[in-house]
1. Which pairs have Cβ atoms under 8 Å, sit 6 or more apart or on different chains, and link a residue in segment 162-185 that is farther than 18 Å from Pro100 by Cα and in contact (Cβ under 8 Å) with a residue 60 or more places away in the chain to one that is among the β-branched types (Val, Ile, Thr) and open to solvent by less than 40 Å² (accessible area, probe 1.4 Å)?
2. Within the group Gln183, Gln187, Gln177, which residue is touching a Gly at 6+ places or on another chain (Cβ under 7 Å) and surrounded by fewer than 21 Cβ atoms within 10 Å (Cβ to Cβ)?
3. For segment 53-110, name all the residues that are under 16 Å from the mean Cα position of the chain (by Cα), over 28 Å from Pro131 (Cβ atoms) and either at pLDDT 85 or above or part of a helix (DSSP H, G or I) (or both).
4. Please find, within segment 93-113, the residue that is least open to solvent (accessible area, probe 1.4 Å) out of those that are touching a residue at least 12 places away in the same chain (Cβ under 8 Å) and among the acidic types (Asp, Glu).
5. Tell me, which residue of segment 139-156 that is touching a residue at least 24 places away in the same chain (Cβ under 8 Å) and open to solvent by 30 Å² or more (accessible area, probe 1.4 Å) is nearest to the chain's Cα centre (by Cα)?
Amino acid sequence: RFTSEQRLDDGVLERDFTFGEIPGVLWTPGSTPAPLILSGHNGGLHKRLPRLVARARHYAAAYGFAVAAIDHPGHGARPRSAADELARADLRRAIQAGEPVDEIVDAFILPLVDRAVPEWRATLDALLALPEIGGPVGYEGMTAIGIRLAVVEPRILAAVLFAGGFVPRALVAEARQVTIPVQFLLQWD
């Protein structure tokens, strides 16, 4: 269900949507049907993060891609559970203290991936039903979610994964099953 719509000065159509409880944004170029990029984000951030919006608009205006972003469970405009807040606090404390974080990451990020990937797949179903969206589909964003999507979602044909997030040990093992082209971005600065 689209909740707002505006044509931006670069010709891109920007529409907020909700799909069940999932809030999202869809940017589409003037040409259709457009290939789709699913654009994720890390660290409790929002689907309207300025750098995410800038990339989405650029992909739509310059290259003719449709781009969709959703807020992951407990991220952006979505409510955070007490367990999520506790896990974030534990993770920050462990990082600041220089302690190992593997068990915290496994307990926090793996359930997030388990909740987010089915949401991405359902959102993908709905987006691909729109006449202005056509294949192929790519993913860019959070490494942990991207690994799982690359393994379980055959409609995703390429991925760009952003370093800087945490990847549970189980997903490191799953990464060996990824067969699509992947670009891994490591931000040095």
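1. Sorted first by the residue in segment 162-185, then by its partner, the pairs are Phe162/Thr143.
2. Working: Gln183 fails: touching a Gly at 6+ places or on another chain (Cβ under 7 Å); Gln177 fails: touching a Gly at 6+ places or on another chain (Cβ under 7 Å).
One residue alone meets the criteria, Gln187.
3. Correct list: Ile109, Leu110.
4. Going residue by residue through segment 93-113, those that are touching a residue at least 12 places away in the same chain (Cβ under 8 Å) are 101-102, 104-110, 112-113.
Now restrict to residues that are among the acidic types (Asp, Glu): 102, 106.
Working: Asp102: 85, Asp106: 38 Å².
In this case the residue turns out to be Asp106.
5. Step one: filter segment 139-156 for residues touching a residue at least 24 places away in the same chain (Cβ under 8 Å), giving 139-153, 155-156.
Now narrow it down to the ones that are open to solvent by 30 Å² or more (accessible area, probe 1.4 Å): 148, 151-152, 155.
On the way: Arg148: 12, Val151: 15, Val152: 15, Arg155: 15 Å.
Within segment 139-156, the match that is nearest to the chain's Cα centre (by Cα) is Arg148.
Condition check ((1) closer than 26 Å to Thr143 by Cβ; (2) not small (Gly, Ala, Ser)) across all residues:
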site: Phe2; (1), (2): no, yes
site: Glu5; (1), (2): no, yes
site: Asp10; (1), (2): no, yes
site: Arg15; (1), (2): no, yes
site: Thr18; (1), (2): no, yes
site: Leu26; (1), (2): yes, yes
site: Pro33; (1), (2): no, yes
site: Ile37; (1), (2): yes, yes
site: Gly40; (1), (2): yes, no
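The values are calculated or read from the model by the stated rules, or taken from the named source; none is laboratory data. Note that the structure is predicted; figures quoted are calculated from it, not measured. Positions of Cβ are backbone-derived with ideal geometry, glycine not excepted, and every protein chain shown enters the neighbour counts. Side chains included, ligands, DNA and RNA excluded: accessible areas come from the protein's heavy atoms. Shrake-Rupley method; radii C 1.70, N 1.55, O 1.52, S 1.80 Å.
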